[in-house]
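One structure below.
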Amino acid sequence: MGVSENLKRGVTELVLLALLSQRDMYGYEMSQELRERSHGRFTLLETSMYPTLYRMQDNGYISAREELVGKRRKRTYYHLEPAGAEYFRSGLVEYLRVQQGVQDILASCQNEGVSE
């Protein structure tokens, strides 16, 4: 598995919770929102998303409700629960802290390499 896939796996929960912090969404809608908001840089197939959604549901971070669409088709909407909002806030703080650390390391290495 490449670096890109490992990075994506690490932030999938965070970005899904971010979307759900704005409104309830169903799987395909979340997949499309991720693609659009990242300008195509972060794509997530629905089939890859569901294990993460189920795990977050098991942890009490999100809940799901089904709505009838048309005569027979059901759509599952996911909702951010208070525990998920808290998990998102703490995860975001941690992510931003680590991201800043990585940027600092890369910038210092780049500056050292340029000055030689």
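The values are calculated or read from the model by the stated rules, or taken from the named source; none is laboratory data. Computed from a predicted structure; not experimentally measured. Please note: Cβ atoms are built from the backbone with ideal geometry, for glycine as well, and neighbour counts cover all protein chains shown. To get the accessible areas, we keep the full protein, side chains included, count just its heavy atoms, and leave off ligands, DNA and RNA. Shrake-Rupley method; radii C 1.70, N 1.55, O 1.52, S 1.80 Å.
Where in segment 74-99 does the amide nitrogen come within less than 16 Å of the point 7 Å from the Cα of SER63, taken along Cα to Cβ? Within reach of a label on SER63, which here means backbone N under 16 Å from a point 7 Å along Cα→Cβ, segment 74-99 contributes 76-86. Accessible area per residue for segment 57-99 is 76 Å², calculated with a 1.4 Å probe on protein heavy atoms, without ligands, DNA or RNA. Among GLY84, GLY70, GLY60, the largest mean-square fluctuation in a Gaussian network model of the chain (Cα springs under 10 Å) belongs to GLY70. Determine the shape class of segment 7-73: with a ≥ b ≥ c the square roots of the Cα gyration tensor eigenvalues, call it rounded for a/c under 1.5, and otherwise prolate if a/b is greater than b/c, oblate otherwise. Oblate. Distance between the modelled labels on ASN111 and ALA85, one decimal in nanometres: 4.0 nm (7 Å Cα→Cβ projection). For a paramagnetic label modelled on ARG9 (point 7 Å from Cα along Cα→Cβ), amide N atoms under 12 Å away are absent within segment 66-92.
Using a 10 angstrom Cβ neighbour count of at most 15 plus a DSSP loop assignment to flag exposed trypsin sites (Lys or Arg not before Pro), which longest range of the chain is free of such sites? Counting at most 15 other Cβ atoms within 10 Å as exposed, the longest clean stretch of the chain is 73-116.
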